[in-house]
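Read-outs: derived from the displayed coordinates by stated rules, not from any lab. As the structure is a prediction and not an experimental result, all values here were calculated from the model. Note: ideal-geometry Cβ built from the backbone for every residue, glycine included; neighbour counts use all protein chains shown.
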């Protein structure tokens, strides 16, 4: 199988590594030459989302992993004009559920609450118009080196102490994407989110100790609680 990954950030590189080790050919787009990608076995393509789609190679599967721009929905529409039958997976975000409360799943209608989530939601609508369009909504990303606690360590008055955590390990996300790429019938919408949802204050204070960082301090007011669930049944890495 020839896999084209549009955007070789950390998620794209993790996916490329898994696919190559499994015997597949992988091409990926990058803004500048990267010797490490060549060493990994990726066929590098110098490209940005503003370049259009005419020069992109044919592929058996396409993954959209490039960062959204103000023209993201239009860029995706152009991509479907280029690949009319090839399955295309757009990596979206559970952030599209900004205004939703309670338990949400793949069948829940998203209620966006800010410009970025509205942009992602418009892009999703463009993808879902297409018979070969598929969406993977990723929860907040973490791994052993990069974790959300690093952004809030030592800060005060952090909101929503009793809200639920919705996270996914970067490697789990890459594995999920690869599993979907191999399916004959890819689900239209898939959530990539860990099934455990500890409360924010307790979880982040524990993580601050684990990373040897200053403890964050939360306000006393409760906020919206949201639990994003996934239809996937798999082994997940520890939160």
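To the nearest ten degrees, helix 72-82 and the longest principal axis of the Cα atoms of the chain are 30 degrees apart. When a/c reaches 1.5 or more, the comparison of a/b and b/c decides; with that in mind, is the range 1-155 rounded, prolate or oblate per its Cα gyration tensor? Because a/c hits 1.5 or more and a/b fails to exceed b/c, the range 1-155 counts as oblate.
Using the Cβ-Cβ distance between residue 20 and residue 69 with R0 = 25 Å, the FRET efficiency computed as 1/(1 + (r/R0)^6) comes to roughly 0.35. Show that you can apply the helix-only estimate: for the chain, add -39,500 (n - 2.57) for every DSSP H stretch of four or more residues, divide by all residues, and state [θ] at 222 nm to the nearest 500. After summing the helix terms and dividing by residue count, I get -8500 deg cm²/dmol.
Which value results when the Cα radius of gyration for the range 171-239 is divided by 2.2 N^0.38 Å?
On the way: Rg = 16.1 Å, N = 69, 2.2 N^0.38 = 11.0 Å.
Computed over Cα atoms of the range 171-239, the ratio equals 1.47.
When only Cα pairs below 8 angstrom with a gap of at least 6 residues are kept, the range 87-181 shows a relative contact order of 29 percent. In this rough spin-label picture, where each label sits 7 Å from Cα along the Cβ direction, the residue 217-residue 150 distance is 2.5 nm. Between 214, 174, 192, where does the largest GNM mean-square fluctuation fall for the chain, given springs only between Cα atoms within less than 10 Å? Ranking 214, 174, 192 by mean-square fluctuation puts 214 first. The stretch between residue 31 and residue 210 holds 60.9 nm of extra length on full extension. This uses 0.36 nm per residue minus the Cα-Cα distance. Once C-alpha pairs closer than 8 Å and six or more residues apart are averaged by separation and normalised to the residue number of the range 1-156, the relative contact order reads 19 percent. In the Gaussian network model of the chain, springs joining C-alpha atoms below 10 Å, which of 164, 117, 131 carries the largest mean-square fluctuation? Result: 131 has the largest fluctuation of those listed.
Between 17, 124, 185, which gets the highest mean-square fluctuation from a Gaussian network model of the chain, Cα cutoff 10 Å? Of 17, 124, 185, the most mobile in the Gaussian network model is 185.
Assign one of three labels to the range 95-194, namely rounded, prolate or oblate, based on the Cα gyration tensor with a ≥ b ≥ c the square roots of its eigenvalues; rounded applies when a/c is under 1.5, prolate when it is not and a/b is larger than b/c, and oblate otherwise. Oblate, since a/c reaches 1.5 and b/c is not below a/b.
State the three equivalent ellipsoid semi-axes of the range 39-92, derived from the C-alpha gyration tensor as the square roots of 5 times its eigenvalues, in descending order and whole Å. Let's see the in-between values first.
Numbers: eigenvalues 63, 40, 27 Å².
Taking √(5λ) for each Cα gyration eigenvalue gives 18, 14, 12 Å.
Spatial offset of the range 201-235 relative to the range 25-52 amounts to 35 Å, using the alpha carbon center of each.
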